[in-house]
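The values are calculated or read from the model by the stated rules, or taken from the named source; none is laboratory data. This one's a predicted model, so the numbers in the text were calculated from it and none came from an experiment. All Cβ positions, glycine included, derive from the backbone under ideal geometry; neighbour counts span all protein chains shown.
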Amino acid sequence: MAQPEPLISLDRLAFIPPDRSGLPPLDGYAKLLLPGGSRTVGYTEASRGCKHLCRHCPIVPVYNGVFRIVPREVVLADIRQQVSAGAEHLTFGDPDFFNGPGHALGIVRALHREFPALTYDVTIKVEHLLKHSEHLATLRTTGCLFVTTAVESIDDRVLKLLDKGHTRADFLEVVRRCRDAGLALSPTFVPFNPWTTLDGYLELLNTIAELELTESVAPIQLAIRLLIPSGSKLLELSEMAAMVGEFDPAALVYPWSHKDPRVDALQRRIQDAVHAAEHEKKSRNEIFDAIWSLAHEAAGRSRHPVAEPRLARAAIPYLNEPWYC
């Protein structure tokens, strides 16, 4: 009998290693780009779900704060089969690798003992990077090359509305601590949301430049527009509920428009510019400069030079298909 609705089970399951035998070879997926070339990338998860209830996150309507760990031996068995298939680097796809720091650190220590040449990357909340910063050195010494973190905004009011659990000052401190630990940080953003202003967008760009992160932020992150999926906790905000349209079942989101049409117009221009520039293989610094010019033009501001100096791209590892976090 056909199942009329998708089944979501949040029961405690007996996880088993994934059967990857029918998948394409790993070299058909994303690559890790490094100064000396590229590495073949595998993917696994040490946990499912997330303890947190960030209002904008699409994971929340499904898991609603439920967090489940995948047993260590299951994760390691999955890693072994991917290394056998050619994986030289591993992406942990956990929504937050430090939801269970003891579990996560046990896995990477075991991974490093068995495969000392294998590198990896993880996704961790700003809040957790700050709370558990004593473990950043362990990540680095066990092969972590970079950490993706969902900053979303540098505006404290927006961060509070999104219920992100961190502040602008927290983000600045995490940048410092990760650099001290020798870990590259890959921040992600939702720069276009109902509370975005043109001046606020310029402030975001200026902050990224001053922090020497222009090569650490995937250009598409500067064009991301807030998505509101079914069941989103954003709809609990009265001001949000009043501005969205009817749910679009084809796009799987509630449509919304910014009260300042210049903001929506800028988002479209930046998205188009990023797609065109990446097709032309332009550097992240070159794309950032183009975005900088578009934003100043939209705000009616005279363009001044981007803050210098900038970190060299060669020092920053990244995936050629970046996370949308």
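Checked against the criterion of being under 30 Å from Glu215 (Cα atoms) and either among the aromatic types (Phe, Trp, Tyr) or surrounded by fewer than 14 Cβ atoms within 10 Å (Cβ to Cβ) (or both), the candidates Pro24, Pro35 yield just one match: Pro35. Quick one: is Leu235 surrounded by fewer than 20 Cβ atoms within 10 Å (Cβ to Cβ), among the aliphatic types (A, V, I, L, M) and either assigned to a loop (DSSP other than H, G, I, E, B) or assigned by TED's automatic domain parsing to the domain that holds Cys57 (or both)? Answer is no for this residue. When the test is whether a residue is assigned to a loop (DSSP other than H, G, I, E, B), in the same structural domain as Thr141 (by TED's automatic domain parsing) and not aliphatic (A, V, I, L, M), His56 passes it. Criterion applied to Val74, Val62 was being modelled with pLDDT under 95, aliphatic (A, V, I, L, M) and out of contact with any Ser or Thr (no Cβ under 8 Å at 6 or more places or on another chain), and the one residue passing it is Val62. Residues of the stretch 43-52 that are within 10 Å of Gly93 (Cα to Cα) and not β-branched (Val, Ile, Thr): Tyr43, Glu45, Ala46, Ser47, Arg48. Suppose the filter is more than 15 Å from Cys54 (Cα to Cα) and free of Cβ contacts under 8 Å to residues at least 40 places away in the same chain; does Leu159 pass it? Answer is no for this residue. Hey, can you tell me all the residues within the stretch 221-242 that are within 19 Å of His52 (Cβ to Cβ) and β-branched (Val, Ile, Thr)? Hit for the stretch 221-242 is Ile228, nothing else.
From Ala265, Ala307, Ala290, Ala314, which residue is at pLDDT below 90 and outside any loop (DSSP other than H, G, I, E, B)? Result of the check over Ala265, Ala307, Ala290, Ala314: Ala314.
In the stretch 251-272, the residues that are closer than 13 Å to Leu222 by Cβ reach residues that are assigned to a loop (DSSP other than H, G, I, E, B) with C-beta atoms within less than 7 angstrom, at least six apart or across chains, in these pairs: Gln267/Ala223; Ile270/Ala223; Gln271/Ala223. Restricting to the stretch 75-130, give me the number of residues that are surrounded by 18 or more Cβ atoms within 10 Å (Cβ to Cβ), in a loop (DSSP other than H, G, I, E, B) and of a type outside the set (D, E, K, R). Final tally of qualifying residues: 9. When Phe67, Phe97, Phe92 are checked against the criterion of being closer than 24 Å to Leu129 by Cβ, touching a Cys at 6+ places or on another chain (Cβ under 7 Å) and in the same structural domain as Thr123 (by TED's automatic domain parsing), Phe67 stands alone in meeting it. Restricting the stretch 134-164 to residues that are under 18 Å from Ile59 (Cα atoms), aliphatic (A, V, I, L, M) and more than 15 Å from the chain's Cα centre (by Cα) leaves a set whose member that is surrounded by the fewest Cβ atoms within 10 Å (Cβ to Cβ) is Leu161.
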